[in-house]
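What follows is a short report on a single structure.
The values are calculated or read from the model by the stated rules, or taken from the named source; none is laboratory data. The shown structure was predicted, so the numbers you read here are calculated from the model rather than taken from an experiment. Cβ coordinates were reconstructed from backbone atoms using ideal geometry, including for glycine residues, and neighbour counts include every protein chain displayed.
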Amino acid sequence: MAIQTRAHISMSRWVGQELHVGPVHLESGCKICVGAGVANDVTVGRGSWITPLTPILSDVGPEEMWQGAPARFGGRCTELKRTASSCQYVFPFWLLEALNILMQVVLEFCLLVLPAAAVSWWAATFIFVGEAERPSGYFEVALRQEIVLHIGLYAFITTWVTLVLISVLDCVFLRCTSASPGLYPTRGLRGALLLYRVRKLNQIQRLWTWTLTGQYLRALAGVGFPRLGASECEPDDQPRPGACQRRLPGVLVPWLLHEHARSWSPVPEALPARHASKFLRQQQLRCRIRTAPLQLPPGSLDSGE
């Protein structure tokens with residue numbers, strides 16, 4: 001049985017002025033997809049499939065697919081023999097779950113705890129030495145201002161070096177543990193490792209976003225890019241959010257630059273049309289925009305300009 005995110009299983013519902021409360025029976029192998037709803041006093045049969053955003057108010061037979069709103073019968077579900085044979089479990093579930101937890105603990109220790117501890121020890125050996133012979137005696141002989149300064153420097157260095165080192169190790173780990181396409185049991189170690197790799201790649205994406213460092217890190221992890229090292233203000237066929245867009249339609253470019261001219265005008269009144277045209281030519285030369293002869297759209301200037 002699988003119940004996906006934001007699926008609603010309700011034990012009660014209102015019918016007019018009456019509140020009806022009843023059980024819900026979900027048999028083995030049924031699948032409730034994203035946003036689907038199952039009301040009370042309903043039985044979902046074995047191996048049935050409730051498609052996303054489908055409200056179920058009556059019983060569903062075995063191996064049936066229901067879809068739409070209101071829900072209607074859409075067809076039959078047949079379990080593939082290849083999938084069933086490939087996803088058979090040899091070991092019991094409790095042993096697989098224990099091995100999965102142990103694998104993730106070992107990986108987190110090697111990829112997160114050990115690099116952070118190594119960077120902290122390495123930074124302490126040359127920052128907190130000072131006039132003492134050993135780092136342990138530094139706080140006994142150093143001044144308070146020097147201690148505060150060195151603690152700030154220590155925190156800055158360890159934070160950034162740790163982030164970079166952990167990100168590089170994660171990318172190398174992702175590249176070395178790549179798997180071939182196929183069917184993997186979700187409770188097996190190979191399936192758990194794939195989910196762990198997806199989580200690590202998502203962490204790198206959230207941390208470094210679309211910066212140049214993030215692009216090179218994902219390339220190190222094995223993500224294929226047709227082009228690397230492109231900044232956000234370079235021409236691109238698929239613009240990114242917040243990027244400097246140069247390939248705008250010929251009508252929108254003069255309008256956009258004219259609005260900039262009005263916004264940055266040093267005088268409170270509206271910018272005259274002759275000044276807007278001059279500003280547009282300067283911006284076109286500066287941004288190297290190639291458009292048709294400069295013409296402002298009709299109605300783009302306020303009355304009296």
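I'm checking my understanding of the structure. Among residues of region 40-60 that are assigned to a strand (DSSP E or B) and more than 33 Å from the chain's Cα centre (by Cα), which one is surrounded by the most Cβ atoms within 10 Å (Cβ to Cβ)?
Going through the qualifying residues, I end up with VAL44.
Rundown of residues vs (1) outside the structural domain of LEU99 (by TED's automatic domain parsing); (2) of a type in the set (S, T, N, Q); (3) at pLDDT below 90; (4) part of a loop (DSSP other than H, G, I, E, B), yes/no style:
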| position | (1), (2), (3), (4) |
| --- | --- |
| ARG190 | no, no, yes, no |
| GLN203 | no, yes, no, no |
| TRP210 | no, no, yes, yes |
| THR213 | no, yes, yes, no |
| TYR216 | no, no, yes, no |
| PRO226 | yes, no, yes, yes |
Next on the checklist: Every residue in region 8-39 that is of a type in the set (Asp, Glu) and part of a strand (DSSP E or B), please.
Outcome noted: GLU18
Checklist entry - So is LEU183 over 20 Å from PRO115 (Cα atoms) and in a loop (DSSP other than H, G, I, E, B) or not? => result yes
Next on the checklist: Could you tell me how many of the residues in region 3-51 are on the phi > 0 side of the Ramachandran plot and among the basic types (Lys, Arg)?
Outcome noted: 1
Checklist outcome for this item: Given the conditions (1) surrounded by fewer than 11 Cβ atoms within 10 Å (Cβ to Cβ); (2) touching a Leu at 6+ places or on another chain (Cβ under 6 Å), every one holds for VAL15 apart from (2)
Next on the checklist: I'd like the residue in region 108-122 that is aliphatic (A, V, I, L, M) and surrounded by 14 or more Cβ atoms within 10 Å (Cβ to Cβ) and, out of all such residues, is farthest from TYR196 (Cα to Cα).
Outcome noted: VAL119
